[in-house]
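Notes follow the structure.
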Amino acid sequence: MKSTTRGTLAAVVTGVAAAVASAAPAAAVGTVPVPVPLDGIEKSLNIELPKLGGEIPVPMPGAPEGPRYVEGRLIPERVIPQLPVSGGLPGVGLRAPLPHILGDDFDHVGVHAPASDLRTLAPGLTLDAPLTPPNPEGFGLPEPKLPQAGVLAPVLQTVPGADLVAGPGL
């Protein structure tokens, strides 16, 4: 093997290893922080501005439940299964200064609404054929019946929360 081929192969392996190593911690994080930089405005206007930031959740798809075979039906339940997705609602943090009217000191007021867990299930579909299973009393032939179709409703579960604080200092 030529030295240029070995060098290229080593560079590719190193790049793949670095990509895999950097992707693993990002996938383990449930939210991504989003700071809002207001430092430049504070310095240019020479005033104290609120501190603002947020959190954006990373949605993670789950594994859908497979079809279930039920006795007495020709088509299994959940022809189109519901896809679970877990993530969260975005969070926000705001801390604003409150100046004293008769002094140079500042107090603060803040709102902190952390990202909250969110669990969802996409809509699904269930069907049944217009025939019954083979009937031994009817020479093993299926009998006609009304077809059935149903929509599995989507699900949305979350418990959001927020804190409102006020106090001395910035």
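Once amide H atoms are placed 1.01 Å from N in the peptide plane, what residues at a sequence separation of 5 or more from GLY88, or on another chain, have their amide H within under 5 Å of its amide H?
LEU118
Please get the size of the charge dipole for segment 60-107, origin at its Cα centre, with Cβ charges of +1 on Lys and Arg and -1 on Asp and Glu, quoted in debye to the nearest 20.
460
Using the Karplus curve 6.51 cos²θ - 1.76 cosθ + 1.60 with θ = phi - 60°, work out ³J(HN,Hα) for each residue of segment 146-158 in order, rounded to whole Hz, and write x for Gly and Pro.
3J(HN,Hα) across segment 146-158, in whole Hz: 6, x, 10, 9, x, 9, 7, 5, x, 10, 9, 10, 7.
With all distinct Cα pairs included, what does the Kirkwood hydrodynamic radius of segment 33-168 come out to in Å, to one decimal, could you say?
For segment 33-168, the Kirkwood estimate is 20.2 Å.
Could you order peptides 133-139, 86-92, 30-36 by the average number of other Cβ atoms within 10 Å of their residues, highest first?
Per-residue Cβ counts within 10 Å, averaged per peptide and sorted highest first, yield 86-92, 30-36, 133-139.
Counting only residues 5 or more places away or on other chains, whose amide H sits under 5 Å from the amide H of GLY54 once H atoms are built in the peptide plane?
Those lying under 5 Å, H to H, from GLY54 are VAL34, VAL36, GLY93.
Quick one: P(r) of segment 83-122 from all Cα-Cα pairs, 10 Å bins, percents rounded to integers, in order of increasing distance.
Percent of pairs per bin, in order: 25, 28, 20, 14, 9, 4.
Can you sort LYS51, LYS145 so the residue with the fewest Cβ neighbours within 10 Å comes first?
Arranged by neighbour count, lowest to highest, LYS51, LYS145 become LYS145, LYS51.
Each reported figure results from applying straightforward, stated rules to the coordinates on display, with no laboratory input. Just so you know, these numbers come straight off a predicted model, no measurement behind them. Virtual Cβ from ideal backbone geometry, glycine too; neighbours counted across all protein chains shown.
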